[in-house]
Amino acid sequence: MFVRSRLLWKLYAGYVTLILGSAFIIGAFVSRGIERDSIARTRRNLEAEAILLREISWKALSGERDPSLQGRVEDLGGRIGTRFTVIRSDGVVIADSEMDPARMDNHGDRQEVRAARGGESGTATRFSDTVGMRMMYLAIPVRRGDHLLGFVRASLPLTDVDRRLGQIRAVVVLTVVIASALALLIGFFLARRVTEPLVRMTRAAMAVAGGEYDHPLEILSNDEVGDLGRAFNSMIEQLRARMETIVLDRNKVVAILSSMVEGVIAVDRSEKVLHINSVAARIIGADADRAVGRRISAATHVRTVSELLSRTMREVRDLTSETRVVSGGDERFIEMKASPLRDRDDRLAGAVLVLHDVTELRRLEAIRKDFVANISHELKTPVTAIRGLVETMIDDPEMEPARSRDFLGRINEQTARLTNLVTDLLAVSRLESKDGAADRELVDLRVPVRESLEGLLPVARSKGLHLETGIPEFPLPVSGDAEGLRQIADNLLDNALKYTPAGGKIWVRLRDDGSAVTLEVEDTGIGIDKEHQARIFERFYRVDKARSRRLGGTGLGLAIVKHQALAMGGSVSLESTPGAGSVFRVRFPSAAPRPAPPSPPSLFESGN
Ligand code: ADP
């Protein structure tokens, strides 16, 4: 990770330049200083040696004979390791530690000699043909008063000086290299110490960006970087808390929206879906996951939805509308309420649409309207008939007794019909105002069924119908109300009697299969066509109105049966073949859970 830290390498590159630059400059200065110093020292040595030589050469240079000079010069030179030369003022060499002076050139024009002639000393550096190497020469004049007697010269091969300087330079370079290497190493670790917290902070920041808030930075230092780390940690903590609140709020909103019965769609200003709950998606036939981010007009084929949303944004006001959505042959009525959405600065940010499925409401409304119209019609018919008959009798006071008897008979019939109607209407209204579980008690289903049979047996006999019953000998407890059960049995039996021609057969059976108790009324009557079977339990629905009226029917009997059964947790079913007969079954949940008793045919008592 440090290898990839660009800051580390930037810092380090600057540092390396600084260290290497200063090491080079220091090295150069040091080595130059040492070199100068060494040359100066060599010069001083040569000067001291020359002064020594001057003392030895004094006599010979004064013009006196000194045959031992050459020997002493050679001896001194050999011991000190310096070449000595004694030169007369005219340039003639009179002694030399390395060579026979007789074979040497005139040295009067040598650079160091010429320099020494006019001053205190003269130096020169050059290649010596005599010794065959580069030499450093130093000559000093020998004077007696103002009179120049000659020169003494000391010289050293420069290779010695160079070698020594080389050694010193090597030491300087080595020192500089070691010091630089150490500085670079320390520098690397220092730079790393600066960049390491930054690298860690970067990683932590990236983790936070990725949604991880659980790994605070480890603070190791107590300096500005440590302060930055602490500030960073507290920032993450605040961010985490804020994020939690946001996520919590969002989840709450999503939970509320998704548990709503209403559909909700929110769009932004460009009509792109921001949110859509599952109810709305189902209503408008969209895919909730794929719709988000798409334009509403592309997400659904229901044009009224997108139109209402654009209108509410265009007009910036709440709008209400109702639409019909047909999908898969299913027709639904949807009430839509659209409101503009505003941001914090009260600018238009989009719109929200609430969809309410009012199909059931509309259906119930239609049924209610139908019901009221039906009741009015049903009531009006007998009342009009009675009124007509009565008015005729009033207008004709001398009416024949036979005719007036007939009139009174018909009035009586219509009155009975009115009574039936009012009784049934009262039963329906009672059923509707009753809440499901109220007034329930344990009732032995055999009791209301037997009562009903007793009441209707004479009718069956008079109509020439054969009535058979199959009622078990053990009780059949049902949780319900006796009156309701009686109404069920009465209506089913009454219908079987009404719609079965003379000579037909009717069976009334009770059965217990353990989990349910069933009342079955079968007849060999006129039967019901398939197309009417589904609607036969609706209020006022009749296959043949005229026949029903003639037979004293109200069209409410089966509706009462169905509602009573439902109120007691039961269900109704019908099997019928036109011209052959019908079987009506009402099943109630058994109120006494126990293993199903055997119910062979022998258990049924039969008779009429
Ligand atoms: P109604 O008072 O007209 O008999 P119901 O609600 O009891 O009203 O019955 C509705 C209609 O169902 C009847 O008008 C009749 O057409 C038909 N229906 C009911 N029971 C039978 C049956 N056992 N056989 C044939 N049709 C029946």
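Derivation of every value follows stated rules applied to the coordinates shown; laboratory data play no part. In this text the structure is predicted, and so the values were computed from the model without any measurement. No Cβ is skipped: glycine too gets one built from the backbone with ideal geometry, and neighbour counts run over all protein chains shown.
Going by the alpha-carbon gyration tensor, a ≥ b ≥ c the square roots of its eigenvalues, is segment 283-364 rounded (a/c under 1.5) or, if a/c is not under 1.5, prolate (a/b greater than b/c) versus oblate? Because a/c hits 1.5 or more and a/b fails to exceed b/c, segment 283-364 counts as oblate. Compute the distance from the alpha-carbon center of segment 215-241 to that of segment 362-407, in whole Å. Centre-to-centre (Cα) distance: 92 Å.
A full extension of the chain between residue 289 and residue 214 corresponds to an added length of 24.0 nm, given 0.36 nm per residue minus the alpha carbon distance.
Charge dipole of segment 35-124 (Cα centre as origin; +1 on each Lys and Arg Cβ, -1 on each Asp and Glu Cβ, all else neutral): 160 debye, rounded to the nearest 20.
For the chain, a crude dipole built from +1 on the beta carbon of Lys and Arg and -1 on the beta carbon of Asp and Glu, taken about the Cα centre, is about 2520 debye to the nearest 20. Here segment 410-468 was treated as a single set of alpha-carbon atoms; its pair distances binned every 5 Å from 0 give 4, 13, 11, 15, 23, 18, 10, 6, 1 percent.
Can you list the GluC sites (Glu not before Pro) in segment 63-132 that are in a DSSP coil and have 13 or fewer other beta carbons within 10 angstrom? Write out the running numbers ahead of the final one.
Numbers: sites: 64, 74, 98, 112, 120; in loops: 64, 98, 120.
Counting only loop positions with at most 13 other Cβ atoms within 10 Å, the GluC sites (Glu not before Pro) in segment 63-132 are 64, 120.
In segment 441-527, which GluC sites (Glu not before Pro) fall in coil by DSSP and have 12 or fewer other Cβ atoms within 10 Å?
473
When the scattering of segment 103-261 is computed by the Debye formula from its Cα atoms alone, each counted once and equally, what is log10 I(q)/I(0) at q = 0.20 Å⁻¹? Per q value, in the given order, log10 I(q)/I(0) is -1.18. Taking the Kirkwood radius as Rh and the Cα radius of gyration as Rg, segment 389-435 has a ratio of Rg/Rh equal to 1.32. Applying both filters, DSSP loop and at most 10 other Cβ atoms within 10 Å, to the GluC sites (Glu not before Pro) of segment 200-278 gives 218. Ranking 161, 554, 300 by Cα position along the charge dipole of the chain, where only Lys, Arg, Asp and Glu carry charges on their C-beta atoms, puts 161 farthest toward the positive end.
Here the sum of -39500 (n - 2.57) over DSSP H runs of 4 or more residues, divided by the residues of the chain, equals -18000 deg cm²/dmol at 222 nm, to the nearest 500.
For segment 511-592, evaluate the Debye formula with one uniform point scatterer on each Cα (no solvent term) and list log10 I(q)/I(0) at q = 0.16, 0.17, 0.18, 0.25 Å⁻¹, rounded to two decimals. Debye output, listed in q order: -0.65, -0.73, -0.81, -1.27.
So, counting K/R as plus one and D/E as minus one, what does the shell of residues with Cβ under 11 Å around residue 414 add up to?
Working: positive: 387, 410, 417, 549; negative: 413.
So the surrounding residues net to +3.
Each listed q (0.20 Å⁻¹) maps to a log10 I(q)/I(0) for segment 1-152 from the Debye sum over equal C-alpha point scatterers, namely -1.23. Remark: segment 464-587 carries a charge dipole of roughly 540 debye about the Cα centre, counting +1 on each Lys and Arg Cβ and -1 on each Asp and Glu Cβ. Each of 359, 251, 482 was scored by the projection of its Cα onto the charge dipole of the chain, and the greatest displacement toward the positive side belongs to 251; charges sit on the C-beta of Lys, Arg, Asp and Glu.
With respect to the chain, whose longest principal axis is taken over its alpha-carbon atoms, helix 158-209 is tilted by about 10°. Across segment 368-384, computed HN-Hα scalar couplings (Karplus, 6.51 cos²θ - 1.76 cosθ + 1.60, θ = phi - 60°) run 4, 4, 4, 5, 4, 4, 4, 4, 4, 5, 4, 6, 5, 4, x, 5, 4 Hz from first to last residue, x flagging Gly and Pro.
The percentage of C-alpha pairs in segment 467-565 whose separation is greater than 23 Å is 29%.
Ordering 14, 104, 76 by the projection of their Cα atoms onto the charge dipole of segment 12-122, which places +1 on the Cβ of Lys and Arg and -1 on the Cβ of Asp and Glu, puts 14 at the extreme positive end.
Stokes-Einstein diffusion for the chain at 20 °C, viscosity 1.002 mPa s, with a Kirkwood radius from C-alpha pairs, works out to 55 µm²/s.
For a test of the definition: using alpha carbon positions, the gyration tensor, and the 1.5 limit on a/c, classify segment 447-500 as rounded, prolate or oblate. Note, shape of segment 447-500 comes out prolate. With the convex hull of its Cα atoms as the shape, segment 126-219 has an orientation-averaged projected area of 13.9 nm².
Please check the chain for the longest run free of trypsin sites (Lys or Arg not before Pro) that are loop-located per DSSP (anything but H, G, I, E, B) and have at most 14 other Cβ atoms within 10 Å.
Details: sites that count: 4, 65, 269, 317, 344, 347, 535.
The answer is 66-268.
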